[in-house]
Amino acid sequence: MWQKREDTIVHEAEPYNAEPSRAALAVAMITPIDTFYSRNHGSVPTVDPDGWRLRVDGLVERPLQIDLARLKAEFEPREVVATLQCAGARRADLVAIRDIPGEAPWGPCATSTARWTGVSLGDVLAAAGLQDAAEHLAFEAPDLSRHADAAQPYGSSITRRKATSPEVLLAWGMNGESLPAVHGGPVRVVVPGWIGARSVKWVERVTARRDPSPNYFQQTAYRLLPADADPESADLHAMPMLSSVALNSDVLVPSPGSTVSAGRVDVSGYAYAGDDRAVVRVDVSLDHGQTWRQAELEQDAGDWAWCRWHTTVDAEPGALTITVRAWDSTGAAQPDSAAGLWNPKGYINNAWSHTTIDVAAR
Ligand code: MTE
């Protein structure tokens, strides 16, 4: 479906929600399109590239209506390698602690990296002339979500400061190809370093506002609730709207439950820190976090991409648990306990990951 690999893990066929296997995600720094995860709150709309228009309005001096040809011709093209991560990535480990009804048990692979081509949103906003009062940029898309309360098309917003940073794109290309429909073609927003929910697909309107978007996916979903809050009755306005991605990491190879032969075992995975932070170290433990060794980092894809890490361990026959944690450039490390992070919507599980495998005698 949607030209994804056969080993893709499909959480839901309609709306389409799927992530690659760990082994598939491990293959490359830039995730191939057939491997990239996809998260949809409604049906994938068919948007004719020739009929597509972007409206830019609200608190701007010169409202714009731009077609794709004009977007490509009038603004400087940019390419950014950026990782997208869903706020629900690694929710499965939270669900294992306490059930989270109505939310898919995403694993660590709701995280992927692409080379995005487009123009800077900031350049388009400069052409429209943002008024001083504009503090937020709201994005609207045509896909209707029946999961929203009330049912509505998808929308979201980001702050003016982020929206005018050069890495934020209106993108029409992914890994050198036209942006596929399931990833938001013909044009989507790409907000590197922020939760995937803000990278609005099939974007057709950008509105400069004083306040964040009134859309359900900004106002109600994607807020962080304390463990004891009831999402139905909590005072959501007191709960933070999620924006930049938390420091995170996981093992991709070997996958949990797999069997390897005793001796030298290659272990690898990814680590990612959102926005203006960088991964500076990844630690691997074979004794549940009592002692650690440092993995080698591969970080050549630029400031907005994940880093890949690998190490080799000496494995003795029996069960082996590989624990991983990353550190970022602020000196912060991932928290140790997923139980301490449990929240009613299952967002932002960035606890140490534990991968248990069987080691067979040679
Ligand atoms: N944009 C629209 N229009 N509709 C959506 O359902 N899902 C968001 C975001 N943009 C969504 C959207 C979420 S939650 C994520 S994690 C990313 O798109 C996923 O992008 P992908 O499907 O290209 O991986």
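Only the coordinates and a few stated rules stand behind these numbers; no lab work does. Just so we're clear, the structure is a prediction, and the values are computed from it rather than from any experiment. Positions of Cβ are backbone-derived with ideal geometry, glycine not excepted, and every protein chain shown enters the neighbour counts.
So the values come out like this:
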{"read-out": "Ranked 309, 304, criterion: other C-beta atoms within 10 Å, fewest first", "value": "304, 309"}
{"read-out": "Extended-chain gain in nm, criterion 0.36 nm per residue less alpha-carbon gap, residue 330 and residue 27", "value": "106.2 nm"}
{"read-out": "Relative exposure of 194, 2, 327, judged by other C-beta atoms within 10 Å (fewest first)", "value": "2, 327, 194"}
{"read-out": "Label-reachable residues, segment 170-199, where backbone N falls under 18 Å from a point 7 Å from residue 3's Cα toward its Cβ", "value": "171-188"}
{"read-out": "Ratio of the Cα radius of gyration of the chain to 2.2 N^0.38 Å, where N counts its residues", "value": "1.00"}
{"read-out": "If the convex hull is drawn through the Cα atoms of segment 175-258, its volume per residue in Å³", "value": "190"}
{"read-out": "Taking 169, 247 and counting other C-beta atoms within 10 Å, the order from fewest to most", "value": "247, 169"}
{"read-out": "Per-residue ³J(HN,Hα) for segment 173-179, Karplus 6.51 cos²θ - 1.76 cosθ + 1.60, θ = phi - 60°, Hz, x for Gly and Pro", "value": "x, 9, 6, x, 10, 4, 4"}
{"read-out": "Cα-based shape type of segment 118-264, given that a ≥ b ≥ c are square roots of the gyration tensor eigenvalues and the cut on a/c is 1.5", "value": "oblate"}
{"read-out": "The chain, helix-only ellipticity at 222 nm - DSSP H runs n ≥ 4, -39,500 (n - 2.57), divided by all residues, nearest 500", "value": "-2000 deg cm²/dmol"}
{"read-out": "Charge dipole magnitude, Cβ of K and R +1, D and E -1 - segment 112-270, Cα centre, debye nearest 20", "value": "400"}
{"read-out": "Scattering profile of segment 229-362 at q = 0.09, 0.13, 0.17 Å⁻¹ [log10 I(q)/I(0), Debye over alpha-carbon scatterers]", "value": "-0.32, -0.61, -0.92"}
{"read-out": "Centre separation in Å (Cα based) which lies between segment 308-350 and segment 230-260", "value": "12"}
{"read-out": "Rounded Å value of the spacing that divides the Cα centres of segment 147-210 and segment 41-98", "value": "2"}
{"read-out": "P(r), alpha carbons of segment 16-74 - 5 Å bins starting at zero, rounded %", "value": "4, 14, 14, 12, 13, 17, 13, 9, 4, 1"}
{"read-out": "Surface/4 estimate of mean projected area, convex hull on alpha-carbon atoms of segment 180-228, nm²", "value": "4.9"}
{"read-out": "Cα-based equivalent ellipsoid, segment 101-178: semi-axes from gyration tensor eigenvalues, Å", "value": "26, 20, 12"}
{"read-out": "For segment 1-104, alpha-carbon Rg and Dmax in angstrom", "value": "18.4, 52"}
{"read-out": "Added length on full extension, which subtracts the Cα-Cα distance from 0.36 nm per residue, residue 337 to residue 43", "value": "102.3 nm"}
{"read-out": "Convex hull per residue volume in Å³, alpha carbons only, for segment 70-203", "value": "126"}
{"read-out": "Three-way shape label, segment 268-320, alpha-carbon gyration tensor, a/c 1.5", "value": "prolate"}
